[in-house]
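Structure, as structure tokens:
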Amino acid sequence: MTDKKLESILQEDRQFPPSADFVAGTRLNADSLAALHAAADADHEGYWAGLAREELQWDQPFTVTLDDSAAPNYRWFTDGELNVSANCLDVHLATRGDKTAIIFEGEGGDKRRLSYRELTAEVCRFANALKSQGIEAGDRVVIYMPMVPEAVIAMQACARIGAVHSVVFGGFSANSLRDRIRDAGARMVITADGGHRGGQIVELKAATDTALAQGCDTIESVIVLKRSDCGCDMQAGRDTWWADAVAGQSDTCEPTPLNAEHPLFLLYTSGSTGKPKGIQHASAGYLLHATLTSRWIFDLHDDDVFWCTADVGWVTGHTYVAYGPLAVGATIVMYEGAPTYPDGGRFWSICQRHGVTIFYTAPTAIRALMKLGDDIPAQYDLSKLRLLGTVGEPINPEAWIWYHTVIGNKRCPIVDTWWQTETGGIMISPLPGATATKPGSCTRALPGIQADIVDEAGESVTQADQGGYLVVRKPWPAMLRTIWGDNDRYVETYWAQFQNRFYVAGDSAHRDNDGYFWIMGRIDDVLNVSGHRLGTMEVESALVAHEKVAEAAVVGRPHDVKGEALFAYVVLRGDRPTGDAVEPLVKELRAWVGEELGAIAKPDDIRFADNLPKTRSGKIMRRLLRAIASGEEITQDVSTLENPAILEQLRGDD
Ligand code: WTA
């Protein structure tokens, strides 16, 4: 996108209007949607203020809607006070205390149900345990857990007392955990002995010990849930079992009224340069958006069973597992393990057995399950499903149609939801009872979200199918507040490019003749591997940290299941390996990256060269590397290449 305009090549004209049945029962039909758009367009702040008053329970009502005095650090509802956990739990006790809040299934098949009343009691007991360990409002608490109810309990308990949680995905390595603990200055880690994934035990406590042994001076205590049989060391004076921590604690805990802008959580995400960014969200604005989108987009009714398959380590698992659906009093499913364990029918078996009505997952999972064939889902009764969703990356029309036909039996609308860790909740998406969908398009922005596409000069792109930068023109309540500890980076990353005039998402997109958005991918050096954002720079740094590596360049190549796969070009300190020497080195480097960053960051391909292709001015020619990695014809002018002979090595022909 730097030197040429993006032309869209994807042509997809099929349209799928919502069925009359769906429209009849929906929470938001075309008329009510149009009314919301009109209200938001007429008075942006008034629209959000009205919803915030209607939807949330305030301890102290707000009088200021939007404070833009420190723009682009926008603040919402600044003189109001509320508690997020009270809005997710206590508000339901009178009307649906006995309703199931969480249906849990472990990978090994163990099951557990928690009603709203039981969940509230568990959250209170754990909140009291946190307090008795000295945790106070504003303290950072790292949660490094498997996908079990206690992960949500821990998050809600933090919210209840105003502690700021930072969930670290259980698939990340000890080193990643260490970096996140340090950056956040966390006082406590909440973890488990181990979690179950793909038939293996992921030893989280052992990884935590490794991280802490490398110096995380701010950590005072560790709470450890017993979840598996793997055993773990417990350090006296620092580590407490979860069961001991909550023993004797009261099952009531008054929610602390907190300022609307009180930080609710940090969540680290990859950027194009440097270390991961601690995206910081605030309380009220985030909760409002989580609530509204859960109700509108997932059309949640009281008898629905909602399954968002995302792990709580990602933002989707925050907004559409731990907060949004609870705020609207829904029943959610949580599953601990891998989608294909013990076989490719696991997801569909869970849908059947728990009567899932609304299912939300990532395109990478859909593609992986599609590959296994139609006869697997055909063995299960999926007739309860009434709405399907996707998130995390563009969904290719083929996978969309499969999802629609084989999983949804052509009955279920599909909501392709575009959003980011930074946006807090869904921004661009069909409303299932109001929007005709097109495979591969996330359709239109929600009311109150002023999404647009602009060119290099910041002018709105009006011509259909002409690509540009995806931006949001006005602040919205759930937007990130800053990057933890680095506000300059916040301004630089999201605002500076167009002089703070609008939020720059970092994605490119185009609009078709109907005004529908089509996301084309990232414009920075961030890859989307299996729906997870990875900075090429982070993987490069990890590779270069290996003693044998002198230089590395990592690019993405298309992958039919993961969306994108990592392709690394490596220059060693010694001679370039050839023949039988290649394989062991590839293995060694992949394992190394797995240890440095986590298994998802292991490159699929590693190719060795004597040096990397650079221009005479010394810039790595990334576009060339991408073309080679994708097996494309090289159309680029390579005459500026310092050493044209290495092209063959890079192609793997030598
Ligand atoms: C991509 C996940 C196309 C996009 C909620 C974005 C999507 C990044 C979609 C954010 C979608 C997310 N269609 N691309 N429906 N949803 N993306 O922070 O590139 O993990 O910038 O948040 O995923 O990833 P993140």
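The values are calculated or read from the model by the stated rules, or taken from the named source; none is laboratory data. All values reported here derive from a predicted model rather than from experimental measurement. We place every Cβ from the backbone using ideal geometry, glycine too, and count neighbours over all the protein chains shown. Side chains included, ligands, DNA and RNA excluded: accessible areas come from the protein's heavy atoms. Shrake-Rupley method; radii C 1.70, N 1.55, O 1.52, S 1.80 Å.
Structure values in brief
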item	result
Exclusive hit being more than 21 Å from the chain's Cα centre (by Cα), within 30 Å of L267 (Cβ to Cβ) and small (G, A, S), set A599, A550, A568	A568
Candidates G170, G194 - the one that is in contact with a strand residue (DSSP E or B) (Cβ under 9 Å, 6 or more places away or on another chain), small (G, A, S) and open to solvent by less than 10 Å² (accessible area, probe 1.4 Å)	G194
Unmet criterion (only one of (1) surrounded by 24 or more Cβ atoms within 10 Å (Cβ to Cβ); (2) more than 16 Å from the ligand (Cβ to nearest atom); (3) among the hydrophobic types (A, V, I, L, M, F, W, C); (4) more than 30 Å from L597 (Cα to Cα)) for I297	(2)
Members of segment 600-630 that are open to solvent by less than 70 Å² (accessible area, probe 1.4 Å) and in contact (Cβ under 8 Å) with a residue 60 or more places away in the chain	I600, A601, P603, N611, L612, I620, R622, L625, A629, S630
T256 β-branched (V, I, T) and not in a loop (DSSP other than H, G, I, E, B)	no
Test: residue in segment 517-528 that is open to solvent by less than 10 Å² (accessible area, probe 1.4 Å), at pLDDT below 95, within 16 Å of the ligand (Cβ to nearest atom) and not small (G, A, S)	yes
Test result for W348, more than 21 Å from F306 (Cβ to Cβ), among the aromatic types (F, W, Y) and touching a residue at least 12 places away in the same chain (Cβ under 8 Å)	no
Restricting segment 401-424 to residues that are near the ligand (Cβ under 10 Å from one of its atoms) and among the polar types (S, T, N, Q), the residue that is nearest to C351 (Cα to Cα)	T417
Filter result (part of a loop (DSSP other than H, G, I, E, B), more than 22 Å from P475 (Cβ to Cβ) and open to solvent by 40 Å² or more (accessible area, probe 1.4 Å)) within segment 24-46	R27, N29
Some residue of segment 269-282 being more than 16 Å from the ligand (Cβ to nearest atom), within 30 Å of L56 (Cβ to Cβ) and not in a strand (DSSP E or B)	no
Per-region count, segment 398-436, residues β-branched (V, I, T) and open to solvent by less than 10 Å² (accessible area, probe 1.4 Å)	7
So Y360, is it within 16 Å of the ligand (Cβ to nearest atom) and closer than 18 Å to P430 by Cα	yes
Failed item in (1) crowded, with 22+ Cβ neighbours inside 10 Å; (2) not in a loop (DSSP other than H, G, I, E, B), with I395 passing the rest	(2)
Complete set of residues in segment 425-443 that are assigned to a loop (DSSP other than H, G, I, E, B) and either of a type in the set (D, E) or within 13 Å of the ligand (Cβ to nearest atom) (or both)	G425, I426, M427, S429, P430, K438, P439, G440, S441, C442
Flag if G448 is within 15 Å of the ligand (Cβ to nearest atom) and in a loop (DSSP other than H, G, I, E, B)	no
Subset of segment 484-506 [open to solvent by less than 10 Å² (accessible area, probe 1.4 Å) and either away from the ligand (no atom under 13 Å from the Cβ) or in contact with a Leu (Cβ under 7 Å, 6 or more places away or on another chain) (or both)]	Y490, W495, F498, F502, A505
Any hit, segment 319-327, residues being modelled with pLDDT of 95 or more and under 24 Å from G506 (Cα atoms)	yes
Flag if Y380 is farther than 22 Å from W296 by Cβ, aromatic (F, W, Y) and either within 15 Å of the ligand (Cβ to nearest atom) or open to solvent by 10 Å² or more (accessible area, probe 1.4 Å) (or both)	yes
E588 exposed (fewer than 15 other Cβ atoms within 10 Å of the Cβ) and more than 28 Å from the chain's Cα centre (by Cα)	yes
Pair list, Cβ < 7 Å and 6+ apart or interchain, from segment 192-207 residues that are touching a residue at least 24 places away in the same chain (Cβ under 8 Å) and more than 14 Å from Y341 (Cα to Cα) to residues that are in a strand (DSSP E or B) and among the small types (G, A, S)	V202/G195; L204/A192; L204/G195; K205/A192
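Okay, residues lined up against (1) among the hydrophobic types (A, V, I, L, M, F, W, C); (2) assigned to a helix (DSSP H, G or I); (3) more than 30 Å from A338 (Cβ to Cβ):
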{"position": "T120", "(1), (2), (3)": "no, yes, yes"}
{"position": "A127", "(1), (2), (3)": "yes, yes, yes"}
{"position": "G134", "(1), (2), (3)": "no, no, yes"}
{"position": "A137", "(1), (2), (3)": "yes, no, yes"}
{"position": "I153", "(1), (2), (3)": "yes, yes, no"}
{"position": "C158", "(1), (2), (3)": "yes, yes, no"}
{"position": "G170", "(1), (2), (3)": "no, no, no"}
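To keep it simple, each residue is scored yes or no on (1) under 21 Å from H281 (Cβ atoms); (2) within 16 Å of the ligand (Cβ to nearest atom); (3) open to solvent by less than 10 Å² (accessible area, probe 1.4 Å); (4) in a loop (DSSP other than H, G, I, E, B).
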{"residue": "W307", "(1), (2), (3), (4)": "no, no, yes, no"}
{"residue": "V312", "(1), (2), (3), (4)": "yes, yes, yes, yes"}
{"residue": "Y323", "(1), (2), (3), (4)": "yes, yes, yes, no"}
{"residue": "L326", "(1), (2), (3), (4)": "yes, no, yes, no"}
{"residue": "P339", "(1), (2), (3), (4)": "no, no, no, yes"}
{"residue": "T364", "(1), (2), (3), (4)": "no, yes, no, no"}
{"residue": "G373", "(1), (2), (3), (4)": "no, no, no, yes"}
{"residue": "L388", "(1), (2), (3), (4)": "no, yes, yes, no"}
